[in-house]
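Notes to accompany the following structure.
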Amino acid sequence: QSMLQEAAQYLQAQNTPQALVAINTLVGFCEKLSAFMVGIGRMEGDGAEAALATLFGGLRGELKASESLALYRMLLAKFLEDLKVDAEEAATLAQLRLLLGLSDAETSSVYRAAAGPLFRTVVQKAIGSELADAQKAGLQALLADLALPADVTTAISIEVYSERLREFTADEKIMNEDQ
């Protein structure tokens with residue numbers, strides 16, 4: 001918990017680089033200790049991930065829910081700098097989610113706020129023109145790279161579609177087949 005408190009203190013002091021180091025240290029430590037406990041036979045179950053949840057799940061301690069979400073958001077924002085969340089980064093986010101005891105709804109809202117605008121921009125560009133196969137593949141690649149939860153992409157896609165539909169029906173004119 002002291003590592004988590006340290007990360008929160010760095011975050012409050014707006015020292016993002018040190019907060020990121022503290023978070024990565026915490027996640028790495030918990031991951032290694034969980035794997036060690038499984039390796040020596042002290043934890044039974046489905047491997048290190050199950051041990052991580054058992055040993056450290058909900059480690060939040062005295063942190064406020066807003067501080068936990070801010071730590072998660074900060075790490076996600078760092079990972080999204082290159083517009084891609086790779087498998088290792090996604091695993092780190094999942095482990096941090098377990099450590100902080102965050103729910104799916106909480107992490108989805110953070111994803112939506114952080115990566116949603118990026119996805120929204122791409123969808124709006126894609127809707128504005130006919131999509132070639134390469135553009136469809138690019139959109140799918142971006143979706144995979146951002147590692148957005150399905151509920152987030154669905155909600156954003158519906159919003160963009162609804163906005164586009166309103167553009168066509170704003171003047172109460174009848175849409176043609178192309179529209």
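For n ≥ 4 DSSP H runs only, could you compute -39500 (n - 2.57) per run for the chain, divide by its residues and tell me the 222 nm figure to the nearest 500?
Calculated mean residue ellipticity at 222 nm is -24500 deg cm²/dmol.
So, with a 1.4 angstrom probe, what is the percent of accessible area on segment 45-90 that is carbon and sulfur?
Answer for segment 45-90 is 49 percent, counting heavy atoms of protein chains only.
For segment 7-23 and segment 71-107, what is the separation of their Cα centres, given in Å?
Centre-to-centre (Cα) distance: 15 Å.
Which one, I127, L96, A35, is farthest towards the positive end of the dipole of segment 29-143 when Lys and Arg carry +1 and Asp and Glu -1 on their Cβ?
I127
Across the chain, how many lysine pairs, 8 or more positions apart or on different chains, have C-alpha atoms separated by under 28 Å? Please give the number.
For the chain, qualifying lysine pairs total 10.
Per residue, how much accessible area does the chain have with a 1.4 Å probe, in Å²?
60
With +1 on the Cβ of every Lys and Arg and -1 on the Cβ of every Asp and Glu, and nothing else charged, how large is the dipole of the chain about its Cα centre, in debye rounded to the nearest 20? Before the final figure, lay out each step's value.
Details: 15 positive and 25 negative charges, 104 e Å.
Its charge dipole is roughly 500 debye.
Once both axes come from the Cα atoms, what is the angle between helix 16-39 and the longest principal axis of the chain, in degrees from 0 to 90, rounded to 10?
For helix 16-39, the angle is close to 60 degrees.
Which loop-located GluC sites (Glu not before Pro) does segment 65-134 contain, where loop means any DSSP state but H, G, I, E or B and the Cβ has at most 12 other Cβ atoms within 10 Å?
Those satisfying the criteria are E130.
Using the per-residue mean of other Cβ atoms lying within 10 Å as a proxy for protection, in what order, highest first, do the peptides 37-43, 17-23, 140-146 fall?
Packing proxy ranking, top to bottom: 17-23, 140-146, 37-43.
Could you give the angle, 0 to 90 degrees to the nearest 10, between helix 2-12's Cα long axis and the longest principal axis of the Cα atoms of the chain?
Compared with the principal axis, the helix lies near 40 degrees.
Which is farthest toward the positive dipole end of the chain among A150, A19, P117, measuring Cα position about the Cα centre, with Cβ charges +1 (Lys, Arg) and -1 (Asp, Glu)?
The Cα lying farthest towards the positive end belongs to A19.
Using only Cα atoms, find the angle between the long axis of helix 133-146 and the longest principal axis of the chain, and express it within 0 to 90 degrees, rounded to the nearest 10.
30
The values are calculated or read from the model by the stated rules, or taken from the named source; none is laboratory data. Just so you know, these numbers come straight off a predicted model, no measurement behind them. Positions of Cβ are backbone-derived with ideal geometry, glycine not excepted, and every protein chain shown enters the neighbour counts. To get the accessible areas, we keep the full protein, side chains included, count just its heavy atoms, and leave off ligands, DNA and RNA. Shrake-Rupley method; radii C 1.70, N 1.55, O 1.52, S 1.80 Å.
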